[in-house]
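Every read-out reported here was derived from the displayed coordinates using simple, explicitly stated rules and does not represent laboratory data. Computed from a predicted model, the values in this text were never measured in an experiment. Neighbour counts run over all protein chains shown; Cβ positions are idealised from the backbone, glycine included.
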Amino acid sequence: MTTPKYIIDINKISELSDEKKEKLKKVTNEYMFRANSYYLGLINWDDPKDPIKRIIIPSEDELDNWGDLDASSESKYTVAKGLEHKYTDTALFLVSKVCGSICRFCFRKRLFKKYYSSEILTRKDYEPAFDYIRKHDEITNVLLTGGDSLIIATDMLEWILSELRKIEHVKIIRLGSKMVVFNPFRIINDEKLLQIINKYSTTEKKIYVMAHINSHKEITPESSKAIEMLKEAGAELCNQTPLIAGVNDSVDTLVKLFQKLSFMGVPPYYVFQCRPTKGNYTFSVPIEKGYKLFSEAISKVSGLAKRARFVMSHATGKIEIVGLNEENIFMRYHRAANPEDYKKFLIFDRNPEARWLDDYLVEAKT
């Protein structure tokens, strides 16, 4: 199979019972469903705890009202249409409002609300972002994301890359994408995509593909081939994943993921605390439990597999969880919106129920 069929109607999933489909309509009426035949084919439908099913098939718990649609206050850092500038040297460029398939725990769930416009962006839409980047020579890194940066047409992607390469101070371009596992044929079958990566990923100015692989079970011969082709074209690859209940929230699943990635030459980069996005409580793991799982998993792998950091993408910055003792939890700013915060080392009383920094801050004030 080389051309996966996209599926946006939950009724088309024959493995689900009619009763289940009817219950899930309430969810898909709120948050869109999108998958493809390749990715659905990775599910073991006989396993009620299959991680791929957990990633892609809606859950009734998504209607839980916990959380916020913009949990990290991205709107606060938006400086032009589709462009965020939170960290001094890095700009985040939302080049797409669509993904190959929709992860149910997506932290940009607002993009997949039924009422949200998912129009195709044009070159005119991108111009204000390019203009901002040109005027800010402190920006050395640009992350193309969305949605998914590899869902857009190859010609459009080439234009974006060519425009960024005209800006001397932009040294690194990152492509945030889950397509390597959602639809590896997007890469395998597109020779031009590989050619443009080869053209614009140079010796001194690399293109990084920031893969979003959540489970070792997503890594197949097809996705491995796509990853190798990207590397041969000159891209560097890293992986980031949230810690997701029912997907990778055990020592064993994290160890297998870290090992497989390192064996393929794809360094584990970040493990994120699941953001408190509306409807995502069912996917969230308490921070202290998550840190224990993460640190034990890290202790069981080689040095090349243990480069990930366990962080929260908080409104104020990326906060790394660095330790626990009987009474306290310890954190530090790994990235900070306010450069002064880099100096901060955070110590809080333990709270086994906390799922976000704000839970500790509220407790500290009382």
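Side notes on the structure shown:
- Cα shape, the range 1-70, gyration tensor, a/c 1.5 rule: prolate
- Calculated translational diffusion coefficient of the range 23-102 (20 °C, 1.002 mPa s; Stokes-Einstein with Kirkwood radius over alpha-carbon pairs) equals 138 µm²/s.
- Residue 325 versus residue 228: modelled label distance in nm, points set 7 Å from Cα along the beta carbon direction: 4.9 nm
- Working note: Cα gyration tensor of the range 118-175, eigenvalues times five, square-rooted, sorted largest first, giving semi-axes of 19, 12, 10 Å.
- The Rg/Rh ratio for the range 21-160 is 1.02, where Rg is the radius of gyration of the alpha carbons and Rh is the Kirkwood radius.
- √(5λ) per eigenvalue of the Cα gyration tensor, the range 275-366, largest first, Å: 20, 17, 15
- In terms of the mean number of neighbouring beta-carbon atoms within 10 Å, the peptides 303-311, 206-214 order highest first as 206-214, 303-311.
- Bins of 10 Å, starting at 0 and running to the largest distance - Cα pair percent for the range 138-215: 18, 55, 24, 3
- Ratio Rg/Rh, restricted to the range 100-259 and using Cα atoms, in which Rh is the Kirkwood radius: 0.97
- Each residue of the range 330-336 was assigned a 3J(HN,Hα) from its phi angle through the Karplus curve 6.51 cos²θ - 1.76 cosθ + 1.60 (θ = phi - 60°); the sequence is 10, 9, 8, 7, 8, 9, 9 Hz, with glycine and proline shown as x.
- Stokes-Einstein translational diffusion, the range 84-194 - Kirkwood Rh over all Cα pairs, 0.890 mPa s, 25 °C, in µm²/s: 166 µm²/s
- Taking the DSSP bridge list for the range 6-365 and keeping only pairs wholly inside it, about 45 percent are antiparallel.
- Förster radius 51 Å - calculated FRET efficiency between residue 304 and residue 26 (Cβ-Cβ, nearest 0.05): 0.70
- Close amide H partners of residue 94, meaning residues 5 or more places away or on another chain with modelled amide H under 5 Å apart, are 83, 84, 145.
- Values of log10 I(q)/I(0), in the order q = 0.11, 0.22, 0.24, 0.26 Å⁻¹, for the range 195-283 under a Debye, Cα-only, solvent-free model: -0.36, -1.04, -1.15, -1.27
- The alpha carbons of the chain occupy a box of 55, 54, 43 Å along the principal axes, longest dimension given first.
- Placed amide H near residue 68: partners under 5 Å, 5+ positions off or other chain: 277, 278
- Separation of alpha-carbon centers, the range 166-209 and the range 60-103, rounded to whole Å: 21 Å
- Across the chain, the relative contact order, built from alpha-carbon pairs under 8 Å that are at least six residues apart, equals 15 percent.
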